[in-house]
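So the structure is just underneath, and the comments pick up after that.
The values are calculated or read from the model by the stated rules, or taken from the named source; none is laboratory data. No experiment lies behind these values; they were computed from the predicted model shown. Backbone-built Cβ (ideal geometry, glycine too); neighbour counts: all protein chains shown.
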Amino acid sequence: METSRKTEEEKTLLKKYLADECSPEEKERLEAWYSSFDHSPLPGRVQERFSLNKVKRTVLHQVHAEQPGVFRLPRYFRIAALFILLLSISFIIYRAADSSARSSKEYSALNGQQKVLKLSDGSIVTLNSGSVLKIQSDFKQNTREVSLSGEAFFQVAKDPSRPFIVSTGVLRTRVLGTAFNVQAYQNEEELTVTVAEGKVRVDQDAATGKQPNLSPGVTPGKQLVYNRTTQSTKVIPADADHISAWRTGTVYIDNESIPAIARKLERRFNISIGLTGKVKSDCRYTLRIGDETLGKTLQVLTSVAGITCKFNQQDRLTINTTACK
């Protein structure tokens, strides 16, 4: 009987606690009674114990909700936060999927090398030394687009429904099926597109200039020349066989300066070249480099141009242009 009366008192005390009507002494008594649950069985029937455990969980929830420093957002705020979280996750997944869809394969030919690639559409690309070609993973779906840094000769398989586009970051060359040479080294002031067969359209990247369409149709025997500094364009006659002869190991140098020749020698022979002396604008030369070694090539250049060449201990070649003629 005493036990039943005590239990009723404790239930009443719990109700007062939940209503925030307990005195400090009553709270201390309730907490002492509450902490004894895990160490001793509750008196009374099983159903009563179950009911009191439910009260215990309710009290715990109330106590945590009233702890200082704990702030609970309204329900609609929590729903909004959850919605934003789910939206952010969906956006991240979408971007990852889109990035995966637009990922590219990269092929490179180092200095002193060349590389021949056969693309999935049947087109053949020959990379010159010091060049990089990137092919999008969605190549051959709507358009056949590649990115080039350096120089390459393209033999494009015909497909009227899917244009073949070569992007250099400055120029976009668009064809349906033809053969042409693109030279777009980052350290060269001029970019060129030389047509061997068919017809190509050359556009300027919209972000780089005010004249998007540079030429609606460059035909065989013609070369489009674009100057990075002046952003000017000209179409001139050109020998496509000579310009693309590098594919068979022959390089034609046509009225070029010593710095331009030095850059070609760096790529062909995989060496580092430094220049000393004043570079004269009228020191320009025309010559052919076939299967000659670097030593033989330098002998010819020294004889023709009047320059001097010297290797240092790090195998770096220095060309002095002071006496060029």
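Overview of values
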item: Among (1) buried (at least 19 other Cβ atoms within 10 Å of the Cβ); (2) closer than 21 Å to PRO212 by Cβ - the single one LEU176 does not satisfy; result: (1)
item: Single residue of region 251-286 satisfying the filter (acidic (Asp, Glu) and surrounded by fewer than 18 Cβ atoms within 10 Å (Cβ to Cβ)) that is farthest from CYS324 (Cα to Cα); result: ASP254
item: Region 283-325: number of residues that are in a loop (DSSP other than H, G, I, E, B), hydrophobic (A, V, I, L, M, F, W, C) and out of contact with any Cys (no Cβ under 8 Å at 6 or more places or on another chain); result: 1
item: Among (1) crowded, with 21+ Cβ neighbours inside 10 Å; (2) among the small types (Gly, Ala, Ser); (3) out of contact with any Lys or Arg (no Cβ under 7 Å at 6 or more places or on another chain) - the single one GLY130 does not satisfy; result: (3)
item: Test: residue in region 299-309 that is surrounded by 13 or more Cβ atoms within 10 Å (Cβ to Cβ) and either under 25 Å from PRO220 (Cβ atoms) or of a type in the set (D, E, K, R) (or both); result: no
item: Residue, modelled with the highest pLDDT, within region 209-231, restricted to residues that are of a type in the set (S, T, N, Q) and outside any loop (DSSP other than H, G, I, E, B); result: GLN223
item: Any chance TYR185 is of a type in the set (Ser, Thr, Tyr) and touching a residue at least 60 places away in the same chain (Cβ under 8 Å); result: yes
item: Single residue of region 267-282 satisfying the filter (among the basic types (Lys, Arg) and not in a loop (DSSP other than H, G, I, E, B)) that is nearest to HIS242 (Cα to Cα); result: ARG268
item: Selection within region 116-168 - at positive phi and among the basic types (Lys, Arg); result: LYS140
item: Within region 179-192, considering residues that are out of contact with any Ser or Thr (no Cβ under 8 Å at 6 or more places or on another chain) and either outside the structural domain of ASP203 (by TED's automatic domain parsing) or not in a loop (DSSP other than H, G, I, E, B) (or both), the one surrounded by the fewest Cβ atoms within 10 Å (Cβ to Cβ); result: GLU190
item: Residue in region 124-131 that is more than 21 Å from the chain's Cα centre (by Cα), closer than 18 Å to GLU197 by Cβ and assigned to a loop (DSSP other than H, G, I, E, B) present; result: no
item: Test for ALA240: is it touching a strand residue (DSSP E or B) at 6+ places or on another chain (Cβ under 6 Å), more than 19 Å from ILE289 (Cβ to Cβ), small (Gly, Ala, Ser) and surrounded by 14 or more Cβ atoms within 10 Å (Cβ to Cβ); result: no
item: Residues (within 15 Å of VAL195 (Cβ to Cβ), in contact with a Lys or Arg (Cβ under 7 Å, 6 or more places away or on another chain) and among the β-branched types (Val, Ile, Thr)) located in region 237-268; result: none
item: Every pair of residues 6+ apart whose Cβ atoms lie under 6 Å, when the first sits in region 246-272 and is not assigned by TED's automatic domain parsing to the domain that holds SER131 while the second is surrounded by fewer than 17 Cβ atoms within 10 Å (Cβ to Cβ) and hydroxyl-bearing (Ser, Thr, Tyr); result: ASP254/THR286; ASN255/THR286
item: Region 291-325, residues that are among the hydroxyl-bearing types (Ser, Thr, Tyr) and either over 14 Å from THR276 (Cα atoms) or at pLDDT 90 or above (or both); result: THR293, THR297, THR302, SER303, THR308, THR318, THR321
item: Some residue of region 210-230 being free of Cβ contacts under 8 Å to residues at least 60 places away in the same chain, within 23 Å of LYS105 (Cβ to Cβ) and in contact with a Gly (Cβ under 8 Å, 6 or more places away or on another chain); result: no
